[in-house]
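Written below as structure tokens is the structure these notes are about.
Just so you know, all these numbers are worked out from the coordinates, no wet-lab data involved. No experiment lies behind these values; they were computed from the predicted model shown. Please note: Cβ atoms are built from the backbone with ideal geometry, for glycine as well, and neighbour counts cover all protein chains shown.
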Amino acid sequence: MTELIIEVQNLKKYFEQIINDQNIQTKAVNNISFNVNKGEIFGLLGPNGAGKTTTIKLLLGLLEPNDGNIRVFGLNPEREDIKIKEEIGYVAEEPLIFRSLTPKDLFNFISSIRKLDPLKTEKKVKEYLESLDAIQYYEQIIDTLSHGNKQKIQIISAIIHNPKLLIFDEPLAGLDAKSVKVLKEILDLHKENGGAVLFSTHIMKIAEELCDRIGIINKGKIVGIGTIEELRKQSNKIGASLEDVFLRLTEQDKSVMEIIKKLRASFNNK
Ligand SMILES: Nc1ncnc2c1ncn2[C@@H]1O[C@H](COP(=O)(O)OP(=O)(O)OP(=O)(O)O)[C@@H](O)[C@H]1O
Ligand SMILES: [Mg+2]
């Protein structure tokens, strides 16, 4: 029997802003429903501003929904966010890590607040750092590291407590090819051990390789959901690449062709 890790039903989140004395409402998440099962890697894909990060923040209890239901491990993130966070490893879109610490200090800190065994955790952290080619930064201030290396530290911080659910918002942005390969292996191992993963990405190849199911969001709505084969059927694009399926479902395929045509015309007229 499938065990539901994440259940989202008719979720809505609106933002209000005053711009030029006018109250402008953005329907960032506009009636979204999806589930993520135990042992599953679920990808959230969507153009910039589609509502991926907002959905993720709602799952973590970092934002309150306007309407709809969310359950993570059967719990409501609005009321039981602390319990949920104990079992989640979260990599945020914008780094939250304490930049003035070294990775060593950061991991010691996380180990103490999560009540982990310090020696075992140190061993594990060092293994991860080595596998991601970052062991040489163990005692270097995080702020002085490159973007990709900061990202590796953030990813390791999210997985050292063996969480049941990984929620990664654009985890692979800025990682080199070898690290992407290692991280894909880490996600697969997590899944094989009965964990679940929800991650957002713009990299179609990664989604194609890693995800068991994909939810495509556009303008706050789910416009396609399922395995890649199911998405192909939903978009009437049998045999197409995920990129083509994505562009069709998000209704960007025609405008992309127009843009390319215009760019070519103006380039040739120079
Ligand atoms: N705090 C906020 N106040 C007002 N509007 C917001 C806020 N946060 C997000 N939005 C708006 O909600 C919409 C969805 O944003 P969100 O960050 O969820 O998109 P996304 O799919 O993660 O995009 P990206 O791929 O660029 O990361 C956007 O129109 C964004 O401008
Ligand atoms: Mg985002």
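For L166, which sequence-distant residues (separation of 5 or more, or a different chain) have an amide H within less than 5 Å of its own amide H, given hydrogens modelled in the peptide plane?
G89, A196, V197, L198
Could you list which residues have their amide H under 5 Å from that of G49, counting only those 5 or more apart in sequence or on another chain, with H placed in the peptide plane?
When sequence neighbours closer than 5 places are left aside, there are no close amide H contacts.
Among the lysines, which have Cα under 25 Å from the Cα of K120 when same-chain residues fewer than 8 positions away are ignored?
Those lysines meeting the cut-off are K83, K85, K104, K150, K152, K164, K181, K184, K191.
Relative contact order of segment 115-269, please, whole-number percent, based on alpha carbon pairs below 8 angstrom and at least 6 residues apart.
Answer for segment 115-269 is 14 percent.
Considering just Cα atoms, how many Å³ per residue does the convex hull of segment 145-270 enclose?
With only Cα atoms used, segment 145-270 gives 155 Å³ per residue.
Between I159, I259, I41, which gets the highest mean-square fluctuation from a Gaussian network model of the chain, Cα cutoff 10 Å?
Of I159, I259, I41, the Gaussian network model singles out I259 as fluctuating most.
Determine the dipole magnitude for the chain: charges of +1 sit on the beta-carbon of Lys and Arg, -1 on that of Asp and Glu, nothing else is charged, the reference point is the Cα centre, and the result goes in debye to the nearest 20.
With Lys and Arg at +1 and Asp and Glu at -1, about 500 debye.
Given the C-alpha atoms of segment 155-214, compute the convex hull and give its volume per residue in Å³.
82 Å³
Hey, could you grab the Kirkwood Rh for segment 1-50? Inverse mean 1/r over distinct alpha carbon pairs, Å, one decimal.
Result for segment 1-50 stands at 13.3 Å.
Considering the Cα positions of the chain, please state its Rg to one decimal place and its Dmax as a whole number of Å.
20.0, 66
Select from A240, A158, A92 the residue whose mean-square fluctuation is largest in a Gaussian network model of the chain (Cα-Cα springs shorter than 10 Å).
Of A240, A158, A92, the most mobile in the Gaussian network model is A240.
Got a sec? Charge dipole of the chain, +1 on Cβ for Lys and Arg, -1 for Asp and Glu; which of N66, V182, N268 is way out at the positive end?
Positive-end residue among those listed: N268.
Could you tell me whether segment 1-102 comes out rounded, prolate or oblate from its Cα gyration tensor? Rule is a ≥ b ≥ c as square roots of the eigenvalues, rounded for a/c under 1.5, then prolate if a/b exceeds b/c, otherwise oblate.
Since a/c reaches 1.5 but b/c is at least a/b, the shape of segment 1-102 is classed as oblate.
Over segment 171-235, what is the relative contact order in whole percent, taking alpha-carbon pairs under 8 Å and six or more residues apart?
20 percent
Using a Cα-Cα cut-off of under 22 Å, which lysines could be cross-linked to K270, ignoring same-chain neighbours fewer than 8 residues away?
Hits, sequence-local ones excluded: K261, K262.
Tally the DSSP beta bridges in the chain and give the antiparallel ones as a percent, rounded to 5.
The answer is about 60 percent antiparallel.
Evaluate the charge dipole of segment 76-210 about its Cα centre and quote only its size in Debye, nearest 20, assuming +1 on the Cβ of each Lys and Arg and -1 on the Cβ of each Asp and Glu.
320 debye
Taking neighbour counts of Cβ atoms within 10 Å as a proxy for exposure, in what order, fewest first, do V256, V36 appear?
Lowest count first: V256, V36.
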